[in-house]
Amino acid sequence: MSLVDALMGGVVFGLASTASLQLYGGSLQFAQGREERQQREAQRELALAEGYQRMADLTPDQPCSAAAKELAGLLDLSSHQGLTAQALVEGEAVRLVVRAPGLPERSRWYAPAAFGVCEVGR
């Protein structure tokens, strides 16, 4: 083996090592970003699910428009970091819109009448 062969082998090995490290670093960055996104999605879904739990706090036998306003007041999602939530009263229902950085907007409709906590048309 000559000196030129040894130098060429070292150069090829160095290039292969660099390329391998770049691929490894890229895959780690991708996996970390995906994990962070899954955590944000889980937080967002948890925040939306809390709306269902808070339905139990409504008083029954009231007009649905009043129940919707009361429910909008209960939907305080400030405890979740990085999420912004907005409860919009639309008629006799509430639309909860939740936003998280880097994720599409999600919304859920809550109709107090569907849960039996108000009287429709009253």
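Structure notes:
- Count of region 44-72 residues, restricted to those that are at pLDDT below 75 and among the aliphatic types (A, V, I, L, M), is 6.
- Residues in region 94-122 that are in contact with a Phe, Trp or Tyr (Cβ under 7 Å, 6 or more places away or on another chain) and of a type outside the set (Lys, Arg) were compared, and the one that is farthest from residue 64 (Cα to Cα) is 96.
The values are calculated or read from the model by the stated rules, or taken from the named source; none is laboratory data. Fair warning: this is a prediction, and the values are worked out from it, not measured in the lab. Note: ideal-geometry Cβ built from the backbone for every residue, glycine included; neighbour counts use all protein chains shown.
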